[in-house]
Amino acid sequence: MKRIALLIDCDNVSHSSIEGVLAELANYGVVNVRHAHGDWNSPSLSGWRDKLHPNAIRPMQQFAYTKGKNATDSAMIIDAMDLLYSKSVDAFALMTSDSDFTPLVLRILENGLPVYGFGEKKTPQPFVDACSPFIYTENLVTEDDEKPDIPQQLIRKNRNELRGDTSMVRLLRTAAEQTSEDDGWSDMSKVAHYISNNSSFSSINYGYKKLGDLVRASELFDIEMRKEGKAMYVKDIRKGVDFPHTRGHSA
């Protein structure tokens, strides 16, 4: 099980989704390092202060020595590099909406460690693309911290909306093609692994907690359940099905 270091840029991301972020990271491993960076004398971090103790997060104080300069960024980068060289973690999670951390992500990736990104929808694309995956925090807000302008439940994109996202469609088809077996079918677990290794894509950003559910909704693939219904296999619907009587449903 991966040991994950979660580093939070409290100056650039809301506290309202922290529980959702921790719940999502639990799917990847154990978050044994939880550091929240910011100037804790600042009134703007009052919401974050209330989240520290309940979620076992360690506050990392960084004074704003110069007005207009973000000292938090430098402190967080140093923290990340210290953890990287300590070899005490197997993966990083960066919670920020600041693209200045893109070089840090690339440096961590060079060392062979995955980086899970979490930020608001204002996050610049270079940082989004560098992470694998990247999840928008608006989709992880818990009910207790609900804001009037943030939906309580994931808003699922429908079939037409999914098919209209050409980059996503291309990614799904490429992943299925690259992982296909001799019979033309692809094991969904291998498809998901390919996607996680080659993109920042996350089905959560489309309103689906599981990639398999998004694939079903898109109706881009024929689906077949194997291994007593425990394994999902897919084939590009444009290729047709060799054995109609074994065809799974595409819903």
Taking the mean number of other Cβ atoms within 10 Å as a proxy for protection, how do you rank 160-166, 21-27, 208-214, 99-105 from highest to lowest? 99-105, 208-214, 21-27, 160-166
A student applying the Cα gyration tensor rule (rounded when a/c is under 1.5; otherwise prolate if a/b is larger than b/c, oblate if not) would label region 2-145 rounded
In deg cm²/dmol, rounded to the nearest 500, the helical mean residue ellipticity at 222 nm of the chain, built from -39500 (n - 2.57) for every DSSP H run of length 4 or more, is -9500 deg cm²/dmol
Let's test the formula: R0 of 51 Å, r as the Cβ-Cβ distance of Asp182 and Gln61. What FRET efficiency results, to the nearest 0.05? 0.30
Kirkwood-based Rg over Rh for region 159-246 (C-alpha set), two decimals? 0.94
For 226-238, 28-40, 180-192, ranked highest to lowest by mean beta-carbon neighbours within 10 Å, the order is 28-40, 180-192, 226-238
How far, in nm, would the chain grow between His193 and Ser86 when pulled straight, counting 0.36 nm per residue and subtracting the alpha carbon separation? 35.8 nm
Rounded to the nearest 0.05, FRET efficiency between Lys227 and His53 (Cβ-Cβ, R0 45 Å) equals 0.50
Which angle between 0 and 90 degrees, to the nearest 10, do you get for helix 71-86 versus the longest principal axis of the chain when only C-alpha atoms count? 60 degrees
Please work out how much length the chain gains when fully extended from Thr166 to Asn32, using 0.36 nm per residue of separation minus the C-alpha to C-alpha distance, in nm with one decimal. 44.5 nm
Distance in nm between pseudo-label sites at Glu120 and Leu106 (7 Å out along the Cβ direction from Cα): 2.6 nm
Surpassing 25 Å at the alpha-carbon level, of the pairs Lys2/Lys122; Lys210/Lys235; Lys51/Lys190, are Lys2/Lys122; Lys51/Lys190
Likely footprinting exposure, Leu52, Leu94, fewest C-beta neighbours within 10 Å first: Leu52, Leu94
Can you tell me which of Pro59, Pro133, Pro43 moves the most in a GNM of the chain? Springs connect C-alpha atoms under 10 Å apart. Pro43
For the Cα atoms of the chain, what angle does the longest principal axis make with the long axis of helix 166-178, in degrees from 0 to 90, nearest 10? 60 degrees
Which values, in whole Å and largest first, are the semi-axes of the equivalent ellipsoid of the chain obtained as the square root of 5 times each eigenvalue of the Cα gyration tensor? 38, 19, 15
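We did not get these values from a lab; they are worked out from the coordinates using the rules stated. Just so it is clear, the structure is predicted and the values come from calculations on it, not from any experiment. Backbone-built Cβ (ideal geometry, glycine too); neighbour counts: all protein chains shown.
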